[in-house]
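Accompanying notes for the structure given below.
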Amino acid sequence: MGAVVGTLTMGERTKGERRRPSRDKIDDDFELSIVCHRPEGLDKLEAQTNFSKQELQVLYRGFKNECPSGVVNEDTFKQIYAQFFPHGDASTYAHYLFNAFDSAHSGSIKFEGFIMALSTLLRGSVREKLTWTFNLYDINRDGYINKEEMTDIVSAIYDMMGKYTYPALKTDTPKQHVDAFFQKMDKNRDGVVTLDEFILSCQEDENIMRSLQLFKNVI
């Protein structure tokens, strides 16, 4: 979520610095409507997300700043994401995160796809947030999470954190954590975790529930 947090922080500064006159608002609406690969307007996005029109304007400026064409491919996404984790290797986790944002499997993320996911992560219900997270872990998108998929994601997170992971990690640490997670989540011991099992297990974990509230009122 580093890239997301960076975009939101930039948006907060923009809101705090000034109130835009009505002319700029008109320009925003027009610009948003004509940008390449962006057919949706602010009114439609406001209806589809949990953001106000003013918040969408701020977020769009941040997105356009990084992606002037209105879309971002995976290589660009990785470059942006890597800026927030300079002491680790974020490329693998960014790959999985990109695929989760690219729900249409188009090979690129448009502003509308980015903002729909962001709306879920920041303003969605607990179930919506956990469902989105489940889909991130479900790498092959078969409706289940297996140990290999969870290990891949957890290992990618450790690689991303780099030297700031404390205490120093042993090579088998991700596997140990996954084994513990799986024992808790795989309620019927069939070797895979379903969406319902994932949601139930997360709701029973106070640490996970607290983490879901971290960005609730970011903007």
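Just a few scattered comments:
- Exclusive hit being touching a residue at least 24 places away in the same chain (Cβ under 8 Å), part of a loop (DSSP other than H, G, I, E, B), aliphatic (A, V, I, L, M) and out of contact with any strand residue (DSSP E or B) (no Cβ under 7 Å at 6 or more places or on another chain), set Ile80, Ile139: Ile139
- Test: residue in the stretch 84-91 that is out of contact with any helix residue (DSSP H, G or I) (no Cβ under 7 Å at 6 or more places or on another chain) and hydroxyl-bearing (Ser, Thr, Tyr): no
- With respect to the conditions (1) modelled with pLDDT under 95; (2) surrounded by 15 or more Cβ atoms within 10 Å (Cβ to Cβ); (3) within 18 Å of the chain's Cα centre (by Cα), Thr151 falls short on a single one, namely (3).
- Residue within the stretch 35-53 that is at pLDDT 50 or above, assigned to a helix (DSSP H, G or I), among the polar types (S, T, N, Q) and more than 22 Å from Tyr137 (Cα to Cα) present: yes
- Matching residues in the stretch 116-136 - criterion: being surrounded by fewer than 18 Cβ atoms within 10 Å (Cβ to Cβ), assigned to a helix (DSSP H, G or I) and hydroxyl-bearing (Ser, Thr, Tyr): Thr120, Thr131
- Residue in the stretch 61-69 that is of a type in the set (A, V, I, L, M, F, W, C) and within 24 Å of Glu149 (Cα to Cα) present: no
- A single entry from Gln54, Gln79 fulfils the requirement of being under 17 Å from the mean Cα position of the chain (by Cα) and open to solvent by 50 Å² or more (accessible area, probe 1.4 Å): Gln79.
- Residue check, Ser103 without any contact (Cβ under 8 Å) to a residue 60 or more places away in the chain, among the hydroxyl-bearing types (Ser, Thr, Tyr), open to solvent by 30 Å² or more (accessible area, probe 1.4 Å) and under 18 Å from Ile199 (Cβ atoms): no
- Any hit, the stretch 21-32, residues being open to solvent by less than 70 Å² (accessible area, probe 1.4 Å) and either closer than 20 Å to Ala117 by Cα or modelled with pLDDT of 90 or more (or both): yes
- Residue check, Ala104 within 30 Å of Phe51 (Cβ to Cβ) and at pLDDT 90 or above: no
- Of all the numbered requirements in (1) closer than 25 Å to Phe134 by Cα; (2) open to solvent by 20 Å² or more (accessible area, probe 1.4 Å); (3) modelled with pLDDT of 90 or more, Phe84 misses one, and that requirement is (3).
The values are calculated or read from the model by the stated rules, or taken from the named source; none is laboratory data. Bear in mind the structure is a predicted one, so any value in this text is a computation, not a measurement. Here the Cβ is made from the backbone with ideal geometry for all residues, glycine too, and neighbour counts use every protein chain on show. Surface areas here come from the heavy atoms of the whole protein model, side chains and all, with no ligands, DNA or RNA. Shrake-Rupley method; radii C 1.70, N 1.55, O 1.52, S 1.80 Å.
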